[in-house]
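**Student:** Got a structure for you, written out below as structure tokens; questions coming shortly.
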Protein chains: 2
Amino acid sequence: MKHFIIVLAAFLVAGSAWCADAPKPQTMGEVLAASKPSDWHALDPQNTLYLQIASGRVVIELAPQFAPQTVANIKTMVREKYFDSLDILRVQDNYVAQWGDPNADDAAKRRSLGKAKAKVPAEFTVPLAGDFTFTPLPDHDGWASQAGFVGDFPAAVDLQAHQAWMTHCYGTIGVGRDNAPDSGNGSELYAVIASSARWLDRNITVAGRVVQGMEFLSSLPRGHGDLGFYTKDEHPVPIQSVRLASDVPEKDRLHLEILRTDTPTFAALVESRRNRHDEWYKRPAGYIDVCSVPLPVREKK
Amino acid sequence: MKHFIIVLAAFLVAGSAWCADAPKPQTMGEVLAASKPSDWHALDPQNTLYLQIASGRVVIELAPQFAPQTVANIKTMVREKYFDSLDILRVQDNYVAQWGDPNADDAAKRRSLGKAKAKVPAEFTVPLAGDFTFTPLPDHDGWASQAGFVGDFPAAVDLQAHQAWMTHCYGTIGVGRDNAPDSGNGSELYAVIASSARWLDRNITVAGRVVQGMEFLSSLPRGHGDLGFYTKDEHPVPIQSVRLASDVPEKDRLHLEILRTDTPTFAALVESRRNRHDEWYKRPAGYIDVCSVPLPVREKK
């Protein structure tokens with residue numbers, strides 16, 4: 001394993017944009033227009049899920065670097081078509097959309113997990129060492145000692161406890177559990193439909209992030225039972241299928257690229273959002289939090 | 001005018017809950033169950049709007065203390081039924097839902113503003129003095145020198161510049177404008193459907209906040225034009241009516257109460273969310289940001 005790396009250089013470059021004779025501040029559009037092909041990388045089809053509901057396809061990037069055992073279990077379930085024809089059971093306004101087996105609590109009726117494990121250890125944090133690079137944001141984070149990005153994921157670290165974890169931002173995919181920390185096995189998943197739910201950080205295993213199609217989840221009718229569960233009189237939203245992109249014929253795959261977060265281009269993007277300089281803005285904020293940084297996705301050129 | 005007051009006492013009480021022999025930490029449910037009638041106050045029908053769309057009624061509390069001229073102009077328009085049969089024109093995912101006159105840019109077709117003013121000064125901030133009380137949160141805020149609450153509204157202050165403003169949290173009602181600061185008159189309004197959009201703070205006039213019915217806006221189909229405007233092939237969402245609650249017959253009014261923010265009960269609520277102690281949470285956050293604090297509303301008993 002490579003050593004854990006904190007990338008600071010990129011932010012020093014961005015910071016220098018405020019010196020005399022520095023180039024004009026850029027908008028996000030300008031930063032992206034000036035990006036190089038090497039600033040982007042293709043989504044790995046081995047770690048990409050397509051969640052299909054009637055209104056559209058939700059593309060999820062799995063995060064094995066944060067939750068190796070849980071992600072492996074989810075992939076086993078997906079290959080067994082475990083999720084097909086299950087339901088989105090819960091849509092709680094300004095919080096989460098959650099899916100799984102409506103009969104999960106009924107041993108006689110619930111769907112078999114097949115070869116997937118019923119119990120997976122809690123993977124709430126990972127050691128702050130390993131084969132990933134943490135790119136910190138320049139600003140203070142209230143919820144952790146430092147927030148930033150690891151690969152394609154918003155993340156935070158505790159530099160004293162040497163731990164890292166994915167942060168609960170818009171589109172974060174988490175692993176529903178009961179009160180016991182190891183009671184989530186990936187058979188019940190949620191997507192955060194709020195732009196931030198950071199109080200969940202380090203309390204639950206996070207398995208990935210929606211990179212495209214969030215609107216199909218965020219615009220679902222809200223449930224009116226406790227915690228936003230659909231009541232008997234409401235209609236859960238059927239899941240047509242969940243597939244691993246690598247199991248889908250090439251012609252049916254989406255070819256998406258994500259902007260790398262460990263690049264000067266990404267640092268410039270962060271700066272373009274910390275301080276907005278298009279004509280409309282009168283007062284740049286001089287700050288950004290990890291959940292407010294857009295993570296650009298595009299069709300492969 | 002009374003002097004500007006910062007309420008600190010309530011938080012000192014909440015803070016003491018961590019001493020030896022202190023009472024057991026409470027959940028939000030327990031805090032609300034123990035609240036007294038005097039912890040709540042009724043919404044003022046003179047500053048409450050009902051925005052009716054097909055899916056339901058959205059209740060908006062206006063904030064004349066933050067935007068007196070804009071709120072007065074909006075009330076003039078509402079009394080003239082200016083908004084009736086106009087449209088929700090724009091729903092941008094994880095950002096805003098915005099409504100107004102689809103013909104606003106066409107002088108020949110646009111609806112008359114009647115007695116309302118076409119131009120209203122920018123009211124992006126107010127002086128940090130006046131007849132309101134600022135209740136600060138105990139935690140650091142990244143976007144301002146201090147965040148907290150003024151009356152029923154999330155707010156922030158700049159203690160050096162002696163300014164206060166409403167923060168862009170879930171449900172904040174802002175006043176659409178063009179590039180000129182005084183180009184918003186209240187005829188085009190937006191609701192924040194993201195849980196936070198703080199970079200807009202101090203860049204636009206904020207007129208109030210949705211206190212009930214946000215789900216009717218947040219679950220609307222997203223628009224696919226620039227900035228989430230509905231395209232020609234999509235269907236804008238008609239506004240059936242906007243009424244001031246005081247103009248609605250008593251029998252058709254909602255009787256809602258809001259939890260006061262300048263009380264020990266509210267301080268206890270904040271603490272119950274900063275550090276969650278129900279069985280499910282394994283690691284209390286020890287932090288909260290202004291947009292993550294729930295502002296409870298109930299039917300009047």
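**Student:** Select from segment B:81-97 the residues that are more than 12 Å from chain A (Cβ to nearest Cβ) and crowded, with 20+ Cβ neighbours inside 10 Å and write down the one among them that is farthest from B:SER112 (Cα to Cα). Spell out the reasoning first.
**Tutor:** If we filter segment B:81-97 for residues that are more than 12 Å from chain A (Cβ to nearest Cβ), which is where we start, we get B:81-90.
Now restrict to residues that are crowded, with 20+ Cβ neighbours inside 10 Å: B:82-83, B:86, B:88-90.
Values: B:TYR82: 8, B:PHE83: 11, B:LEU86: 12, B:ILE88: 18, B:LEU89: 18, B:ARG90: 21 Å.
Across segment B:81-97, the extreme among qualifying residues is B:ARG90.
**Student:** Let me ask you something else. Output the residue which, of all residues in segment B:272-289 that are surrounded by fewer than 19 Cβ atoms within 10 Å (Cβ to Cβ) and of a type in the set (Asp, Glu), is farthest from the other protein chains (Cβ to nearest Cβ).
**Tutor:** B:ASP278
**Student:** Among the candidates A:ALA155, A:ALA207, A:ALA161, which residue alone is among the aliphatic types (A, V, I, L, M) and more than 28 Å from A:TRP40 (Cα to Cα)? Please lay out each step first, then the result.
**Tutor:** Details: A:ALA155 fails: more than 28 Å from A:TRP40 (Cα to Cα); A:ALA207 fails: more than 28 Å from A:TRP40 (Cα to Cα).
After applying the criteria, what remains is A:ALA161.
**Student:** I would also like to ask the following. So if I check each of A:SER292, A:SER246, which one is of a type in the set (S, T, N, Q), surrounded by fewer than 19 Cβ atoms within 10 Å (Cβ to Cβ) and at pLDDT 95 or above?
**Tutor:** Numbers: A:SER292 fails: surrounded by fewer than 19 Cβ atoms within 10 Å (Cβ to Cβ).
Residue meeting the stated conditions: A:SER246.
**Student:** Can you say whether A:ASN73 is on the phi > 0 side of the Ramachandran plot and either in contact (Cβ under 8 Å) with a residue 12 or more places away in the chain or over 17 Å from the mean Cα position of the chain (by Cα) (or both), as far as the supplied structure shows?
**Tutor:** On the way: on the phi > 0 side of the Ramachandran plot: no; either in contact (Cβ under 8 Å) with a residue 12 or more places away in the chain or over 17 Å from the mean Cα position of the chain (by Cα) (or both): yes.
No.
**Student:** Which condition does B:VAL78 not pass, out of (1) at pLDDT below 95; (2) of a type in the set (A, V, I, L, M); (3) crowded, with 21+ Cβ neighbours inside 10 Å, if it passes all the others?
**Tutor:** Condition not satisfied by B:VAL78: (1).
**Student:** Does segment A:204-213 hold any residues that are touching an Asp or Glu at 6+ places or on another chain (Cβ under 6 Å) and not in a loop (DSSP other than H, G, I, E, B), and which are they? Outline the logic, then answer.
**Tutor:** Step one: of segment A:204-213, the residues touching an Asp or Glu at 6+ places or on another chain (Cβ under 6 Å) are A:205, A:208-209, A:211.
Matches in segment A:204-213: A:GLY208, A:ARG209, A:VAL211.
**Student:** Would you point out which residue out of B:ASN203, B:ASN185 is out of contact with any strand residue (DSSP E or B) (no Cβ under 8 Å at 6 or more places or on another chain), buried (at least 19 other Cβ atoms within 10 Å of the Cβ) and either of a type in the set (Ser, Thr, Tyr) or modelled with pLDDT of 95 or more (or both)? Spell out how you get there, then give the answer.
**Tutor:** Numbers: B:ASN185 fails: out of contact with any strand residue (DSSP E or B) (no Cβ under 8 Å at 6 or more places or on another chain).
Selected residue: B:ASN203, the only one of B:ASN203, B:ASN185 that is out of contact with any strand residue (DSSP E or B) (no Cβ under 8 Å at 6 or more places or on another chain), buried (at least 19 other Cβ atoms within 10 Å of the Cβ) and either of a type in the set (Ser, Thr, Tyr) or modelled with pLDDT of 95 or more (or both).
**Student:** Could you pull out the residue among A:ALA155, A:ALA180, A:ALA194 that is among the small types (Gly, Ala, Ser) and either touching a Pro at 6+ places or on another chain (Cβ under 7 Å) or more than 18 Å from A:ALA67 (Cα to Cα) (or both)? Talk me through it step by step, then tell me what you get.
**Tutor:** Values: A:ALA155 fails: either touching a Pro at 6+ places or on another chain (Cβ under 7 Å) or more than 18 Å from A:ALA67 (Cα to Cα) (or both); A:ALA180 fails: either touching a Pro at 6+ places or on another chain (Cβ under 7 Å) or more than 18 Å from A:ALA67 (Cα to Cα) (or both).
Answer to the check: A:ALA194.
**Student:** Pairs, please: C-beta under 8 Å, at least 6 apart or cross-chain, first residue away from chain A (no Cβ under 11 Å) and under 15 Å from B:ALA161 (Cα atoms) and in segment B:137-148, second part of a loop (DSSP other than H, G, I, E, B) and not basic (Lys, Arg)?
**Tutor:** From residues that are away from chain A (no Cβ under 11 Å) and under 15 Å from B:ALA161 (Cα atoms), the pairs are B:SER145/B:LEU159; B:SER145/B:GLN160; B:GLN146/B:LEU137; B:GLN146/B:LEU159.
**Student:** How about segment A:37-81: which of its residues are acidic (Asp, Glu) and within 30 Å of A:PHE266 (Cα to Cα)? Steps first, please.
**Tutor:** Residues of segment A:37-81 that are acidic (Asp, Glu), as a first pass: A:39, A:44, A:61, A:80.
A:ASP39, A:ASP44, A:GLU61 - these are the residues of segment A:37-81 that are acidic (Asp, Glu) and within 30 Å of A:PHE266 (Cα to Cα).
**Student:** Kindly evaluate B:ASP139 against the criterion of being more than 23 Å from B:GLU299 (Cα to Cα), acidic (Asp, Glu) and modelled with pLDDT under 95.
**Tutor:** Values: more than 23 Å from B:GLU299 (Cα to Cα): yes; acidic (Asp, Glu): yes; modelled with pLDDT under 95: no.
When the stated conditions are applied, B:ASP139 does not pass them.
**Student:** For residues in segment A:122-136 being over 25 Å from A:SER183 (Cβ atoms) and at pLDDT below 95, which is surrounded by the fewest Cβ atoms within 10 Å (Cβ to Cβ)? Before the answer, list the steps.
**Tutor:** Just the residues of segment A:122-136 that are over 25 Å from A:SER183 (Cβ atoms), to begin with: A:128-136.
Next cut, at pLDDT below 95 only: A:128-134.
Numbers: A:LEU128: 18, A:ALA129: 13, A:GLY130: 14, A:ASP131: 11, A:PHE132: 21, A:THR133: 18, A:PHE134: 21.
Per the stated criteria, the residue is A:ASP131.
**Student:** Follow-up. Among the residues of segment A:232-257, which ones are farther than 28 Å from A:GLU80 by Cβ and more than 14 Å from chain B (Cβ to nearest Cβ)? I'd like the intermediate steps shown before the answer.
**Tutor:** Of all residues in segment A:232-257, those farther than 28 Å from A:GLU80 by Cβ come to A:232-234, A:257.
Once the filter is applied, which keeps residues that are farther than 28 Å from A:GLU80 by Cβ and more than 14 Å from chain B (Cβ to nearest Cβ), segment A:232-257 yields A:LYS232, A:ASP233, A:GLU257.
**Student:** Out of A:ALA156, A:ALA116, A:ALA67, A:ALA104, report the one residue that is buried (at least 21 other Cβ atoms within 10 Å of the Cβ), at negative phi, away from chain B (no Cβ under 14 Å) and touching a residue at least 12 places away in the same chain (Cβ under 8 Å).
**Tutor:** On the way: A:ALA156 fails: away from chain B (no Cβ under 14 Å); A:ALA116 fails: buried (at least 21 other Cβ atoms within 10 Å of the Cβ); A:ALA104 fails: buried (at least 21 other Cβ atoms within 10 Å of the Cβ).
Answer to the selection: A:ALA67.
**Student:** Pairs please, first residue from segment A:191-212 and facing chain B (nearest Cβ under 8 Å), second anywhere and part of a loop (DSSP other than H, G, I, E, B) and of a type in the set (A, V, I, L, M), Cβ atoms under 6 Å, 6+ apart in sequence or on different chains.
**Tutor:** That search, which allows pairs on different chains as well, returns A:SER195/B:ALA194; A:TRP199/B:ALA285.
**Student:** Could you identify the single residue in A:SER272, A:SER187, A:SER219, A:SER246 that is within 13 Å of A:VAL58 (Cα to Cα), over 15 Å from the mean Cα position of the chain (by Cα) and of a type in the set (Ser, Thr, Tyr)? Lay out the reasoning, then the answer.
**Tutor:** On the way: A:SER272 fails: within 13 Å of A:VAL58 (Cα to Cα); A:SER187 fails: within 13 Å of A:VAL58 (Cα to Cα); A:SER246 fails: within 13 Å of A:VAL58 (Cα to Cα).
Unique residue meeting the criteria: A:SER219.
**Student:** Within segment B:261-268, can one find any residue that is within 14 Å of chain A (Cβ to nearest Cβ) and either out of contact with any Pro (no Cβ under 7 Å at 6 or more places or on another chain) or surrounded by 14 or more Cβ atoms within 10 Å (Cβ to Cβ) (or both)?
**Tutor:** First pass over segment B:261-268, keeping only residues within 14 Å of chain A (Cβ to nearest Cβ): none.
No, because not a single residue in segment B:261-268 is within 14 Å of chain A (Cβ to nearest Cβ) and either out of contact with any Pro (no Cβ under 7 Å at 6 or more places or on another chain) or surrounded by 14 or more Cβ atoms within 10 Å (Cβ to Cβ) (or both).
**Student:** Just to be sure I understand the filter: pairs with C-beta atoms under 8 Å, separated by 6 or more residues or on different chains, first member in segment A:36-61 and over 15 Å from A:GLU250 (Cα atoms), second member at pLDDT below 95 and outside any strand (DSSP E or B). Which pairs pass?
**Tutor:** Filtered contacts from segment A:36-61: A:PRO37/A:LYS301.
**Student:** With respect to the numbered conditions (1) closer than 27 Å to A:LEU43 by Cα; (2) modelled with pLDDT under 95, which one is the sole condition not fulfilled by A:PRO236?
**Tutor:** Going through (1) closer than 27 Å to A:LEU43 by Cα; (2) modelled with pLDDT under 95 one by one, A:PRO236 breaks only (1).
**Student:** State yes or no: is B:PRO221 at pLDDT below 95, over 22 Å from B:LEU256 (Cα atoms) and not acidic (Asp, Glu)? Break it down stepwise before answering.
**Tutor:** Details: at pLDDT below 95: no; over 22 Å from B:LEU256 (Cα atoms): yes; not acidic (Asp, Glu): yes.
No, not satisfied.
The values are calculated or read from the model by the stated rules, or taken from the named source; none is laboratory data. Model, not experiment: these values are computed from the prediction. No Cβ is skipped: glycine too gets one built from the backbone with ideal geometry, and neighbour counts run over all protein chains shown.
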